[in-house]
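Note sheet for the following structure.
Every number here is computed from the coordinates shown, using simple stated rules; none is lab data. Fair warning: this is a prediction, and the values are worked out from it, not measured in the lab. Cβ placement follows ideal geometry from the backbone for every residue including glycine, while neighbour counts extend to all protein chains displayed.
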Amino acid sequence: MEKSWKKINNKIEQKEVFELARTLQISPVIAQILISRGLTKPDEAKRFISPDLNGFHNPFLLKDLDKAIARIKLALDKKEKILIYGDYDVDGTTSIVLLMRALSPYTSNLIYYIPHRLIEGYGLSKGGIEFAKAEGVKLIITADCGISAVEEIKDANSSGIDVIVTDHHEVPIAMGEVNLPPALAIINPKQPQCQYPDKNLAGVGVVMKLIQGLREQGYSAIDFNTILEFAALGTIADIVPLIGENRIIARYGLEQLQKTQNIGLKALIEVCGLEGKKINSGDIGFKLGPRINAMGRLEDAKLVINLFLTDSRQEAEKIANTLDKHNQRRQKIQEDIFDEAVQSITREQDKNVLVMANDNWHSGVIGIVASKIVDKYYRPTILISCSNGLGKGSGRSIPNFNLLNALIQCDDLLESYGGHEQAAGLTILTDKIDEFRERINDYAQGILPKIDLQPSLDIFEIQLKDISFELINEVEDLLSPFGIGNPRPIFSTNALEVLGEPMIVGSNHLKMRVKDSSHKVIEAIGFNMGDKITAARQAALRDSDSIALAYVPQINIWQERQSLQLNIKDIKL
């Protein structure tokens, strides 16, 4: 789809830019980016470009943290059996690993449980509670789930089991009222009356705060570097905003991943081809994270926990290879579902929200496919896998459409639902899907103007002469890690002349050289943009300043030689 370009630096006062650049000894380009992201004061901007481990908030600002720690201490003192109950994704499994490593030195009565995605679904399940009862568990600590498990926690309580909920998902609303479960303690910064300043923590971030509180009480067997590396893995993979405490976790956790001593992490890094390389947030999002998630999507996520808890290199290598094979299988299933979904979209083109259902779609993969459809069509998308009269759905959204709020408007049609503004899950009776499709689109029609259905790029307009090795390194060193809330900056340059003959390289990549009014010449490459070759050649033939590029400048290394290159994100003729 054609993208609109929003020039971020148009309204920024140059006096403000140069003052911030002078104060912090940074380039004006970096200063513009910081100001555009609301970091106008030198002290705020400095904390952002130089995040400090001392910048973590006091964990005891979290509501109920003191109650949770007191109950955990009691369980340890009385040698009660404790169950860690976590989600099957990266955020949940890393949370389980941290709690297991933090508590296991103090008790031999510690077990964990992960629900089977295809059998039990997300969250604290009836099967999990029955397992806890059979095992004689006296305390359940949830990880990345539990905030909506009202009935399940009532069931646990009736059997004499206390529950501590650690979660970061939105608090459920029923009949206009907050509907919290009857847990002994709920640790979730999004719950009412919680004064914790940072509401953006991932599930593993909330677990990290619990462990910080335990460490302050003397339970400090787990190394802080171990906490950071697993917290970074779960935080980045869960696509939460990489600002505030999440930025500290991501920055220092990524550094720790480079030198991890965890045998399982080492094996997984090796399988991903990242050994000896600098690991960034993209590597977690596209390499490490998908392999961890593949087990929970297709099979049983317990292997992931075994990977990160094992002391055997041989076992770690075996599990890492298993995760890799399951990821390859997941990719094939995903491609098939995507192709089928795209074929059916023609019937949905007039809809603001795409809702599609199929009896043959794998429920563990439809969330990823929904994301890819959003990328292609820029519409909120919900895919539903149907079986025996029940549909399990997974949805993804666009920035200006709160998907969870939309599901709340359809509450009476759904068996269950939950999630975030941009990603949510649901279950629905198949005979209600058509009515659900109409209802959610009626809601979207009233709040989603057509302009919000056109993708846009936030760009910083510069000249080619501004691009240098120093600028690229400065962007990486001061602004990374990149993610939601802190996207990698995209630059643009207008009135470019295409030099020579544009060509297609590799499978379908557009490659050309461009020059601007400063007479600087830089090579540009557009990955999977081979369809733009005709327009690029026409621009070259016109021999005029007739093309504008939106791009990420990067350093290209070829045969040990470095050169500047523009990674094209969009083209306007």
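Brief remarks on what is shown
- Computed over neighbours whose Cβ is under 12 Å from that of GLY273, the net charge equals -1, Lys and Arg +1, Asp and Glu -1.
- Cα-based reach from LYS450 at 15 Å (exclusive), listing aspartates and glutamates while leaving out same-chain residues under 8 positions away: GLU2, ASP350, ASP442
- Multiplying the residue separation of THR40 and LYS7 by 0.36 nm and removing their Cα-Cα distance gives an extension gain of 10.1 nm.
- Normalised by the number of residues in the chain, the average gap of Cα pairs under 8 Å and 6 or more apart makes the relative contact order 12 percent.
- Counting beta carbons within 10 Å around each of MET208, MET100 and listing the fewest first gives the order MET100, MET208.
- Listed by chain and number, the aspartates and glutamates whose C-alpha is less than 15 Å from the C-alpha of LYS81, apart from same-chain residues fewer than 8 away, are GLU130, GLU135, ASP162.
- Extension gain (nm, one decimal) between GLU16 and GLN445, 0.36 nm per residue minus Cα-Cα: 150.4 nm
- Evaluating kT/(6 pi eta Rh) at 37 °C and 0.692 mPa s, with the Kirkwood radius of the stretch 338-408 over Cα pairs in the Stokes-Einstein relation, gives 269 µm² s⁻¹.
- Distance from the stretch 412-470 to the stretch 111-176 (C-alpha centre basis), Å: 29 Å
- Cα shape, the stretch 357-455, gyration tensor, a/c 1.5 rule: oblate
- Evaluating 6.51 cos²θ - 1.76 cosθ + 1.60 at θ = phi - 60° for every residue in the stretch 115-130, the Karplus couplings come out as x, 7, 4, 7, 9, 9, x, 6, x, 5, 9, 4, x, x, 5, 4 Hz, glycine and proline recorded as x.
- A Stokes-Einstein calculation at 10 °C with viscosity 1.306 mPa s, built on the Kirkwood radius of the stretch 206-325 over Cα pairs, returns a diffusion coefficient of 108 µm²/s.
- Ascending count of other beta-carbon atoms within 10 Å, so fewest first, for MET529, MET503: MET503, MET529
- The chain, helix-only ellipticity at 222 nm - DSSP H runs n ≥ 4, -39,500 (n - 2.57), divided by all residues, nearest 500: -12500 deg cm²/dmol
- Each of THR166, THR322 has some number of other Cβ atoms within 10 Å of its Cβ, and from fewest to most they run THR322, THR166.
- Spin-label model, GLN331 to SER544: label points 7 Å out along the Cα-to-beta-carbon direction sit 4.4 nm apart.
- Too-long pairs where the Cα-Cα distance tops 20 Å, listed order kept, from LYS376/LYS572; LYS79/LYS209; LYS287/LYS372: LYS79/LYS209
- The stretch 59-223: relative contact order in percent, alpha carbon pairs under 8 Å with at least 6 residues between: 28 percent
- At full extension, ILE111 and HIS509 could sit 138.3 nm farther apart than now, given 0.36 nm per residue minus the alpha carbon distance.
- Charge sum, other residues only, whose C-beta stays under 11 Å from ALA156's C-beta, Lys/Arg counted +1 and Asp/Glu -1: -1
- Hydrodynamic radius of the stretch 301-422 by the Kirkwood approach over all distinct alpha-carbon pairs: 16.2 Å.
- Each 5 Å bin from zero holds the following percent of Cα-Cα pairs in the stretch 59-223: 2, 10, 20, 24, 23, 14, 6, 1, 0.
- Alpha-carbon Debye profile of the stretch 141-246, log10 I(q)/I(0) at 0.14, 0.15, 0.24 Å⁻¹: -0.60, -0.68, -1.32
- Above-threshold pairs, the threshold being 32 Å between Cα atoms, out of LYS3/LYS465; LYS259/LYS532; LYS6/LYS46; LYS11/LYS515: LYS259/LYS532
- Normalised per residue, the volume of the convex hull around the Cα set of the chain (Å³): 166 Å³
- Over the stretch 458-573 - Rg/Rh using Cα atoms and the Kirkwood inverse-distance radius: 0.96
- Computed FRET value (nearest 0.05) for GLN409 with LEU429, which takes r as the C-beta separation and R₀ as 25 Å: 0.90
- Gyration tensor analysis over the Cα atoms of the stretch 24-142 returns equivalent ellipsoid semi-axes of 41, 19, 11 Å (largest first, whole Å).
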